[in-house]
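This report concerns only the one structure given below.
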Amino acid sequence: MVNLNKTMITLSTSEDTRKSFIKLDKIRPNSISFSRFLGVAAKEYAERHSTGDYKIEDFVSEEVSLTPKFFAEIDIWKRHILELDNVRYNEFSKRLEQLNNIKRIKLGGMLTW
């Protein structure tokens, strides 16, 4: 376990985490420090994923990180779908149909795969 009871913490980074920190720094408001913003991001992550339903591994693939959050604003989804190439659009359509089938089960319909 990491000792977080210090006022200064050093982080080591890999190429992947460095890229993530750079992305985070680009959206950081100029009025707060990077360390404070990193704390805000950590708080938000912990609040949204504290149920244990998700593992950090669920978010590290490029495919997952490029997909909007399920309950993101609809304009974000619209932009995402419009930018998909044909292969990814077909994959998305198949997944959407799978989700609709699951929804039908909940409503008492029959599952068709």
Task: In sequence order, calculated HN-Hα J values of the range 18-24 (Karplus, 6.51, -1.76, 1.60; Hz; x Gly/Pro) - done: 4, 4, 5, 5, 5, 4, 5
Task: Order of 97, 15 - criterion: other Cβ atoms within 10 Å of each residue's Cβ, fewest first - done: 15, 97
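For a quick protection proxy, order the peptides 6-14, 22-30 by their average other-Cβ count within 10 Å, most packed first.
Numbers: 6-14: 7.3, 22-30: 10.0.
Highest mean packing first, the order is 22-30, 6-14.
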Task: Footprinting exposure proxy for 40, 2 (fewest neighbouring C-beta atoms within 10 Å first) - done: 2, 40
Task: Sequence-distant lysines (8 or more away, or on other chains) whose Cα lies within less than 27 Å of residue 43 - done: 6, 19, 23, 26, 55, 69
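Read-outs: derived from the displayed coordinates by stated rules, not from any lab. As the structure is a prediction and not an experimental result, all values here were calculated from the model. No Cβ is skipped: glycine too gets one built from the backbone with ideal geometry, and neighbour counts run over all protein chains shown.
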